[in-house]
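Before any comments, here is the structure.
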């Protein structure tokens, strides 16, 4: 699932279909195990078409299905939560959620579309776009292994991204600290700790990946690999010591992008724990002509007998 664009807060412009007493009874029955706020938001949306009710509906449905100890996470910064990795939902439960969202909001999410919806924010944005009759944003691009290494201008032993998902709205990635990193031999003696500067480097590398794969560019232009450099960082806080065996989850969102500067806000967590936050990470970049695709030469025609 891809990361998410801001929701439109306007009401629907298309005519709202008649809402009957049977419709209300059906919604109340379908959402009977959800909060009263969820039910009231669903009724308001179906009566008025007000898309501002959609986030409340979607979060309320998720709250109904997640484990009780996960519910507090839905109350704050929930858009970045991955429905499988972070909330622990299996594929069948996720399908139940989708079917209930479809029923209550009268939208349709195809299975092929669902594969591109990774976070709660992705689902909010998708349903909001469908409700307003506009095209949902393109799904996030997943990169790992050889594909990731081919895109990045940085390579081992100084590449600190194992896999990533990149969209125009944000990029997420993971990196497992193996304990074999060359700098851990001396940082510190007999007590290997991931340097904070390296974790900032990892966020910067995710910014590089976003510029190369997630930044919309003008026709015929792409971001030049050799034009990207670190410029500055501000508002950095370290919250947790990270050691071998920890899996770092990185999140980066564009804050301001105007050639030749791209400023992101970023964070790293280990499980549910904050590890690093950065209010601003700024990279410089430039545009170059897009490569011309090679056209295969036509095979010579067979001689006529």
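The values are calculated or read from the model by the stated rules, or taken from the named source; none is laboratory data. Only a predicted model underlies this, so the values are computations on that prediction, with no experimental measurement involved. Every residue, glycine as well, gets a Cβ built from its backbone with ideal geometry; the counts of neighbours run over all protein chains shown.
Numbers below:
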read-out: Per-region count, segment 245-278, residues in a loop (DSSP other than H, G, I, E, B) and either at pLDDT below 95 or touching a helix residue (DSSP H, G or I) at 6+ places or on another chain (Cβ under 7 Å) (or both); value: 3
read-out: The one condition in (1) within 23 Å of the chain's Cα centre (by Cα); (2) assigned to a loop (DSSP other than H, G, I, E, B) that residue 202 fails to fulfil; value: (2)
read-out: Residue check, residue 92 in the same structural domain as residue 49 (by TED's automatic domain parsing) and touching a helix residue (DSSP H, G or I) at 6+ places or on another chain (Cβ under 7 Å); value: no
read-out: Residue check for residue 289: modelled with pLDDT under 95 and within 16 Å of residue 216 (Cα to Cα); value: yes
read-out: Any strands (runs of 3 or more DSSP E) falling wholly within segment 113-194 and containing at least 2 residues that are surrounded by 13 or more Cβ atoms within 10 Å (Cβ to Cβ) and without any contact (Cβ under 8 Å) to a residue 60 or more places away in the chain; value: 141-144, 163-166
read-out: Entirely in segment 8-108, the helices (runs of 4 or more DSSP H) that have 2 or more residues that are within 22 Å of the chain's Cα centre (by Cα) and surrounded by fewer than 19 Cβ atoms within 10 Å (Cβ to Cβ); value: 54-65, 71-74, 91-105
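Residues checked against (1) at pLDDT 95 or above; (2) touching a helix residue (DSSP H, G or I) at 6+ places or on another chain (Cβ under 9 Å); (3) on the phi > 0 side of the Ramachandran plot:
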site	(1), (2), (3)
6	no, yes, no
12	no, yes, no
17	no, yes, no
21	no, no, no
30	yes, yes, no
33	yes, yes, no
41	yes, yes, no
44	yes, yes, no
